[in-house]
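Enquirer: I have a structure I would like to understand better, so I am pasting it below and will then ask my questions one at a time.
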Amino acid sequence: MPGNTKTDLPHRRFCFTGVRGVGKSTVINRIRSSVPDIKFISGSDLLYEMMGENYKHFEYLPEAEKYALRIKLNSLLQAIQKDTSKDLVVDSHLTVFNLKTHAIDTIFTEKDFDFYTDIILLDSYPERILDHRQRDTEKERITNLDVICKELDFERQKAAEISNKYGIRLHVVEIGVDTTEKLKNVLQ
C-alpha cells in the first residue's frame, strides 16, 4: 500500500480473528504465558469496560454508535501499545453475524486498516463450531449449520480481501492438535 509505514513500526499488531465459537479465547489462554513479549487483549472485554452493562445490547445499537465505539476502541489499543511497548494480539473479529438484521457485517474500520500489521485467521470446520456453540449456552449464538458455513466463508473472503487491499499480512491457522504451536510460530 503506497505510503504505508506499518512495516517501519517497532511493534506488530495482530488482529486475531475467526467466527464466534472457533476457539480464539481458548487458544490464547493456552499460549499466553509462553510468549511474555506479547500483550494479549480481548476486544470484547475492552468494549465491556467502555460500555458496562450496555455491552449486552451492542449488536442492537444503531450502526453509527457501534462505529463510534469501534473507533474509540482503536484509539485505546494504540494507547495500550504505546504504554506497554509490546506487540499486541487483539482477540477480535473482521466480520460478525448481526442478530438484528440477520446479515453478516464487516466490522473492520478504516482505523483498523491503518492499525493492524497482521491478521491471524483462526479457521475450523462448521460442525466443530456448531458443537461449541451448542455447548456454550451463556451466549446468544447462531446454531444453524448453513449460516455457520456462510459465516466461515465470509470471514475467509474478507480476511483475504483486506490483506490484499491494505497490505496486511494474513496468517491462516487451522484448529487442530498443533494449533498452539502454529500460532506461536506466527508470533515469533
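Enquirer: Any residue in segment 170-182 that is farther than 15 Å from Phe14 by Cα sitting within a Cβ distance under 7 Å of a residue that is of a type in the set (Lys, Arg)? List the pairs, counting only those 6 or more apart or interchain.
Expert: Within 7 Å, the pairs are Ile175/Arg128; Thr180/Arg30.
Enquirer: Against the condition within 26 Å of Tyr60 (Cα to Cα) and of a type in the set (Asp, Glu), how does Asp114 come out, does it pass?
Expert: Answer is no for this residue.
Enquirer: Do we have Arg133 as touching an Asp or Glu at 6+ places or on another chain (Cβ under 8 Å), in contact (Cβ under 8 Å) with a residue 24 or more places away in the chain, on the phi < 0 side of the Ramachandran plot and part of a helix (DSSP H, G or I) here? Spell out how you get there, then give the answer.
Expert: Values: touching an Asp or Glu at 6+ places or on another chain (Cβ under 8 Å): no; in contact (Cβ under 8 Å) with a residue 24 or more places away in the chain: yes; on the phi < 0 side of the Ramachandran plot: yes; part of a helix (DSSP H, G or I): yes.
Against the criterion (touching an Asp or Glu at 6+ places or on another chain (Cβ under 8 Å), in contact (Cβ under 8 Å) with a residue 24 or more places away in the chain, on the phi < 0 side of the Ramachandran plot and part of a helix (DSSP H, G or I)), Arg133 does not qualify.
Enquirer: Look at Leu99 and say whether it is at pLDDT below 90 and of a type outside the set (Asp, Glu).
Expert: Judged against the criteria, Leu99 is a match.
Enquirer: Among the residues that make up segment 83-98, is at least one of them closer than 21 Å to Asp153 by Cα and basic (Lys, Arg)?
Expert: No, that holds for no residue.
Enquirer: Only one residue in Glu151, Glu140 is of a type in the set (Asp, Glu), part of a loop (DSSP other than H, G, I, E, B) and either within 30 Å of Pro36 (Cα to Cα) or out of contact with any helix residue (DSSP H, G or I) (no Cβ under 6 Å at 6 or more places or on another chain) (or both), so which one is that?
Expert: Only one candidate qualifies: Glu140.
Enquirer: Hey, among the residues in segment 114-166 that are in contact with a Pro (Cβ under 8 Å, 6 or more places away or on another chain) and not β-branched (Val, Ile, Thr), which one's surrounded by the most Cβ atoms within 10 Å (Cβ to Cβ)?
Expert: Among residues in segment 114-166 that are in contact with a Pro (Cβ under 8 Å, 6 or more places away or on another chain) and not β-branched (Val, Ile, Thr), the one surrounded by the most Cβ atoms within 10 Å (Cβ to Cβ) is Leu152.
The values are calculated or read from the model by the stated rules, or taken from the named source; none is laboratory data. In this text the structure is predicted, and so the values were computed from the model without any measurement. Because the Cβ atoms are built from the backbone with ideal geometry, glycine has one as well, and the counts that use them run over all protein chains shown.
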